[in-house]
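A short reminder: the numbers here are calculations on the coordinates, not readings from a lab. Since we're looking at a predicted model, the values are computed, not measured. Counting neighbours? That spans all protein chains shown, and the Cβs are built from the backbone with ideal geometry, glycine included.
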Amino acid sequence: MFKATRLLPLSLILAAASLTLAPPSAGAKQFTFDEKTNKQMARELNIPVFFAVPDSARAPLPADITTPDRLIDFQHPNALKSNARVGLRLIVAKRAGLARRLAQSGLVQTGDILLTFRSEWGGVGPYPNVQMGISHTGIAYVRNGTVHNIDNPMDEEFIGSGRTTELNSKHYREIKLIHIIRPRNLTDAQRANLIAWATRLNAGAKRFFPKQVNFNQDYSDPKYKPGRPLSFVKHLGQVALGQNPSGTVDMFCSEFAWSLLALRDCDPDKVGDAFNGSGMPSCIRQAMKPMRATGSYVSGRSRGAYTGLGDGPLVVIAALKLPREERDRMVKSVFTENPKLMGRLSSGHRAVAKQNAASFAKLESYYRSALAGGFSGIKARLMSKFIARSIRENYSPTSFIINTLLPPNSSNRTMDYVATIVMQ
């Protein structure tokens, strides 16, 4: 039975909090806007405006960040035209030593969600546009002053043959852009638990993957069922504890990340008996509510409103406050497909795009009604309920950044956008 070695308490607290021993004045800086740099990054990224996020999505950060990497406050050109603040915080960095620099600056902390962002998906078609260019989800944890990643599939491509997991597997060596999303209000104890769970899972991956935890390519088939116990989360915990549960749980990448975060209140050194029994451990608790296909935020804003899986571009377009004609053109661009570019999607994502093709016409009508407001807003709410019937509540890779699009004081918001890493 595998049992990971726990870090010494002081080291663990330092790693979990992603603190740095460097003096604050050494290279301290902040994300800044520069017109010339902004134009350069606009050309380099070449993304539609609905692949960016409004300022309200951003996590609060220290006034001074110690890092040698460039910190750019990118404002999308289309947002500048409409006097809206929609853009991205960019960490422009060289790959060599990246994992250690991100940990020491605090720009990546334990529990942060790492979203693979593919700028080349822009304009490919409705599915990649609604996904806001996001294709994969990983989780970060900081140990011994270095960022580590844990992902599903737990194979050589994602966690590496040597299991060093320092953003240096094949997947992380080949991608260029990563969004950092931070769960709100994680405590030191919760981060310590996540480090312990992730360390056990990464170290034991050869033993249990794919026999007990496997990868599911069907992103439309979550294990979550409303009102039912989170037995798949318990199964993941049992695997990490070496309890050898029967059967296999197939999880897609974002489901794995969602499940790991649901273990944040469970100390693996203390909860073995609870996981070994027939009941559901009381420490398991979801970190973000699974989303319906569409939400209620744009068509009827309130503190209790929520966003849906398909609402990402809709919320961004609403934030731009464009004239109707320009707004309608932008909505049309979200749902226009370019068949010649579909090869930019993986086979799994192409399958999901094809499976949901018929739903996008309904989603486009929902967008137009929600943005029009008034009586059309009532129509949008009715359409939202109809669309939701055909898609199960889920936690797609994009759902984490969609959650950040809710107002900062929303009762349903549990995530903040930190920044986007641009690797050079």
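Projecting label points 7 angstrom from Cα along Cα→Cβ for Ser246 and Ala351 puts them 2.8 nm apart. On full extension, the segment bounded by Asp34 and Ala189 gains 51.9 nm, given 0.36 nm per residue less the C-alpha separation. Projecting the Cα positions of Asn216, Leu236, Gly111 onto the charge dipole of the chain (unit charges on Cβ atoms of Lys, Arg, Asp and Glu, taken about the Cα centre) puts Asn216 furthest along the positive direction. Listed by chain and number, the aspartates and glutamates placed with their C-alpha closer than 20 angstrom to that of Lys223 are Asp151, Asp250, Glu255, Glu393; residues fewer than eight positions away on the same chain are left out.
Taking a point 7 Å out from the Cα of Arg43 in the direction of its Cβ, the residues of segment 55-85 whose backbone N falls within less than 20 Å of it are 70-81.
Spatially, segment 84-144 and segment 192-210 are offset by 22 Å when compared through their Cα centroids. Among Arg200, Arg43, Arg118, the largest mean-square fluctuation in a Gaussian network model of the chain, built with springs joining Cα atoms closer than 10 Å, belongs to Arg43.
With a Förster radius of 30 Å applied to the beta-carbon distance between Asn409 and Ala96, the computed FRET efficiency rounds to 0.15. Applying a 4.7 Å cutoff between beta carbons, the unpaired cysteines of the chain are Cys253. Taking the charge dipole of the chain about its Cα centre, with +1 at Lys and Arg Cβ atoms and -1 at Asp and Glu Cβ atoms, the residue from Thr32, Leu371, Ser246 reaching farthest to the positive side is Leu371. Quick check: pseudo-label points 7 Å beyond the Cα along Cα→Cβ at Glu393 and Ala372, how many nm apart are they? Result: 3.1 nm between the two label points.
With semi-axes √(5λ) of the Cα gyration tensor in Å in mind, check [x] 33, 27, 19; [y] 80, 30, 22; [z] 50, 23, 20 and report the label derived from this structure. Answer by label: [x].
Dipole magnitude for the chain: about 580 debye, using +1 per Lys or Arg Cβ and -1 per Asp or Glu Cβ, origin at the Cα centre.
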